[in-house]
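The values are calculated or read from the model by the stated rules, or taken from the named source; none is laboratory data. As the structure is a prediction and not an experimental result, all values here were calculated from the model. Because the Cβ atoms are built from the backbone with ideal geometry, glycine has one as well, and the counts that use them run over all protein chains shown. With ligands, DNA and RNA removed, areas are computed over all heavy atoms of the protein, side chains included. Shrake-Rupley method; radii C 1.70, N 1.55, O 1.52, S 1.80 Å.
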Amino acid sequence: MRSTLRQLLSNLAILYILYFVSRVVYVWEFWDIYGADFHQLSIPQLLRGSIRFDTAAICYTNILLILLTLLPLPPQWKESRPYRLMLKSLFVGVNAIMLTINLIDTVYSRYGGRRTTWSFFSEFCHESNLSNIFFTELIHHWYLVVVAIVFIWVLVFLGLPSVKRGATHRRSHLHPGIYYPAHIIATVLGVMLAIGGIRGGFSTAIRPIAISNANQYVLQPSQAAIVLNTPFSIIRTCGKTTFQDPAYFTPDQLDSLYTPIHQPTPPVLQTKPNVVILILESMATEYWGHFNTYTGHTPFLDSLAQHSLTFNNCFANGRKSIDAMPSILSSIPMYVEPFFVTNYSLNDVSSVAGELAKQGYHTAFFHGAENGSMGFQAFARTAGFAHYYGRTEYCADPHFNGMDDFDGTWAIWDEEFLQFYAASMSQMPQPFVTSVFTATSHHPFVVPERYQSSLSQPGHPIYTCVRYTDQALRRFFHTASSMPWYANTIFVITADHTNHTEQQLYSTPLGIYRVPLVIFDPSGRLPRGQSNAIAQQTDILPTLMGTIGCSRPYLAFGIDLLHTPADSTYAINYNNGIYQYISPNLCLLYNGAQVVGLYHTDQDPLMKHNMASDSNEIQRQHTHLLRLQAAIQSYMSRMIRNQLTP
């Protein structure tokens, strides 16, 4: 009996050590993000949270091993070589997979901004180039492969029980009248302890821990990944109901506080302008000179911004490309999980294309990747785009070079695909609404060989890609400006999400969401200049509808930036279980039950001083909290009831 318990406890101790080492590797890999504020974190709190989540992951994935080790089976069975080989294989096989997943996420979560969840498998189930990307990453992150090999060696050679041929094991000398009851008690206690570990505690008042519980051990939602581990994040989100109505208010109260239904408005422009929406991959505000006091990497876009309406405080509604598509095109933000991969993705939705199609607009969406990639084609159809132009259509056009212009990983190079985009719009009837999603400024951060010497500069490789895409946009606008549709076109330029950060301002809970928003009207009929209003991706649809006009109600979770006073603007995004409500000079963090962060961003732009412990301050901001709660409830209840159209 003692040897059985010693064997089990030894194996569990090894797992705790390996999970801890993998967390150290994770933090080291992300030190550019966590390093600046790491000294402010409480090490005892981090350890407490890490142990709690590691315990849950270890118990989840090793519950069968625990049972098979403790079950009161006859001693001659449990000590036989086949049985011990089965236990050894189970211990090594399951935990090698889990620890390897942890290490893989050290690479992937940089691009998602959080630990990977079950939605990953829905996001990438249709991608055909994952093996190419995976093996490329193996080369770039060879040191993680070494760590994985060491982990597996430890599991094989230090994990018990031994299964060497010819090895003998002392059989239990316990009398059957003691052996079986003792093992029954041990099994019951082991299962109870495992259940407590999975739940995160034993009190009946404790709900099973979720990803959002990680926030209690850190200062900011972006740091929650430190105490989490990837096996837990995947397991806890598998098969879960994504949205639940929080029922903060009665229906009548909710409608009086907030409604996403927008009523018809007269047009700002008397003609029907074309609409071109450029969604630029990873083109964060940090990379632009126009929005900063330093020289950026976007000389052309900076020059274009001088003749446009720009928003200095625009925020993405998510951290990934699949979050951006619904936010920008349908004014549907990302709360909890990407709309694409939830059970509600088949709901009826409003969209820029759908609403303008009712006014006679021709609609088309462009993305240079393989058709179907990332679910973009499916969502474009859902969002009302009648035509889709992907890599297939590009390669079928004899005026271009087909697969010779493929970047080898994701898509057609931006320069060539944007020329295809401009040429295709010249063949469309006016008015039209189109959108293009660029691809080159994306990992693995490569540009065409002919530009490597002229565009490369010291620093992160994404900067070379940003300069390349900026140059591709210069060529696009040069081509478009010679076309008859250009003068009567509104260009909306934004980014899907942020990427690598170096400036401290862009590493805060707000900074990691800062994306550009530029509205360029070549005719000069729309306002120009810089606006300090708070803007978000979901504002694009209602702002366009307010400009062009609409004759019927539509639904959007954003606001019309041209007709809303700056002091009434706001943005909402979601990060690791925390909603962030951003208003002029204020950021409020809410976990669905209570305020966990309150920052006066005008006086504290780096968000160092959390006022959430000041009950008087929270009471003064009660109006903002009510608006946030109402927006959350409206979103959830409408998702559940398929009420995303009026």
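Overview of results
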read-out	value
Whichever residue in region 177-222 is outside any helix (DSSP H, G or I) and at pLDDT 80 or above and, among such residues, is surrounded by the fewest Cβ atoms within 10 Å (Cβ to Cβ)	Gly200
Hits in region 236-263 (condition: surrounded by fewer than 18 Cβ atoms within 10 Å (Cβ to Cβ) and either in contact with a strand residue (DSSP E or B) (Cβ under 6 Å, 6 or more places away or on another chain) or β-branched (Val, Ile, Thr) (or both))	Thr241, Thr250, Thr259, Ile261
Residues within region 568-600 that are open to solvent by 10 Å² or more (accessible area, probe 1.4 Å) and closer than 24 Å to Ile540 by Cα, tallied	6
Residues of region 28-66 that turn out to be among the acidic types (Asp, Glu) and open to solvent by less than 20 Å² (accessible area, probe 1.4 Å), as a count	1
Every residue from region 610-625 that is β-branched (Val, Ile, Thr) and either surrounded by fewer than 16 Cβ atoms within 10 Å (Cβ to Cβ) or outside any helix (DSSP H, G or I) (or both)	Thr623
Some residue of region 165-176 being modelled with pLDDT under 70, surrounded by 12 or more Cβ atoms within 10 Å (Cβ to Cβ) and not small (Gly, Ala, Ser)	yes
Residue within region 88-101 that is at pLDDT below 90 and either surrounded by 15 or more Cβ atoms within 10 Å (Cβ to Cβ) or not in a loop (DSSP other than H, G, I, E, B) (or both) present	no
Unique residue being open to solvent by 10 Å² or more (accessible area, probe 1.4 Å) and under 30 Å from Phe432 (Cβ atoms) when the list is Pro565, Pro553	Pro553
Qualifying positions in region 456-475 - under 29 Å from the mean Cα position of the chain (by Cα) and assigned to a helix (DSSP H, G or I)	Ile462, Tyr463, Thr464, Cys465, Val466, Arg467, Tyr468, Thr469, Asp470, Gln471, Ala472, Leu473
Selection from region 256-280 of residues that are modelled with pLDDT of 90 or more and of a type outside the set (A, V, I, L, M, F, W, C)	Ser256, Tyr258, Thr259, Pro260, His262, Gln263, Lys272, Pro273, Asn274
Region 1-27 - residue that is under 27 Å from the mean Cα position of the chain (by Cα) and farther than 19 Å from Ile512 by Cα and, of those, most open to solvent (accessible area, probe 1.4 Å)	Phe20
Number of positions in region 67-77 that are part of a helix (DSSP H, G or I), open to solvent by 20 Å² or more (accessible area, probe 1.4 Å) and not polar (S, T, N, Q)	4
Among (1) out of contact with any strand residue (DSSP E or B) (no Cβ under 6 Å at 6 or more places or on another chain); (2) open to solvent by less than 30 Å² (accessible area, probe 1.4 Å); (3) hydrophobic (A, V, I, L, M, F, W, C), the one test that Leu628 misses	(1)
Flag for Arg627 being farther than 23 Å from Lys320 by Cβ and either in contact (Cβ under 8 Å) with a residue 60 or more places away in the chain or of a type in the set (Phe, Trp, Tyr) (or both)	yes
Selection count where residues are under 22 Å from Met636 (Cα atoms) and of a type outside the set (Ser, Thr, Tyr), scope region 561-575	4
Only listed residue being surrounded by 23 or more Cβ atoms within 10 Å (Cβ to Cβ), polar (S, T, N, Q), closer than 30 Å to Thr265 by Cα and modelled with pLDDT under 90, chosen from Ser330, Ser350	Ser350
Selected residue [in contact with a strand residue (DSSP E or B) (Cβ under 8 Å, 6 or more places away or on another chain) and surrounded by fewer than 21 Cβ atoms within 10 Å (Cβ to Cβ)] from Leu278, Leu309	Leu309
Answer residue from region 432-442, given it is closer than 17 Å to Glu415 by Cα and of a type outside the set (A, V, I, L, M, F, W, C) and is modelled with the lowest pLDDT among those	His442
Neighbours by Cβ (under 9 Å, 6+ apart or cross-chain): first from region 270-295, closer than 16 Å to Tyr506 by Cβ; second of a type in the set (A, V, I, L, M) and open to solvent by 10 Å² or more (accessible area, probe 1.4 Å)	Ala284/Ile512; Glu286/Leu505; His290/Leu304; Asn292/Leu505
Yes/no for Asn317 being under 20 Å from Ser583 (Cα atoms), in contact with a strand residue (DSSP E or B) (Cβ under 9 Å, 6 or more places away or on another chain), of a type outside the set (Val, Ile, Thr) and open to solvent by 10 Å² or more (accessible area, probe 1.4 Å)	no
Flag if Val436 is β-branched (Val, Ile, Thr) and open to solvent by 30 Å² or more (accessible area, probe 1.4 Å)	no
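Yes/no matrix, rows are residues, columns are (1) part of a helix (DSSP H, G or I); (2) at pLDDT 85 or above; (3) of a type in the set (Ser, Thr, Tyr):
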{"site": "Ile322", "(1), (2), (3)": "yes, yes, no"}
{"site": "Tyr335", "(1), (2), (3)": "no, yes, yes"}
{"site": "Ser345", "(1), (2), (3)": "no, no, yes"}
{"site": "Gly354", "(1), (2), (3)": "yes, yes, no"}
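One line per residue, one yes/no per condition, for (1) open to solvent by 10 Å² or more (accessible area, probe 1.4 Å); (2) in a loop (DSSP other than H, G, I, E, B); (3) in contact (Cβ under 8 Å) with a residue 60 or more places away in the chain:
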site: Ile490; (1), (2), (3): no, no, yes
site: Ile493; (1), (2), (3): no, no, yes
site: Glu502; (1), (2), (3): yes, yes, yes
site: Ile512; (1), (2), (3): yes, no, yes
site: Ile519; (1), (2), (3): yes, no, yes
site: Arg525; (1), (2), (3): yes, yes, yes
site: Ala533; (1), (2), (3): no, no, yes
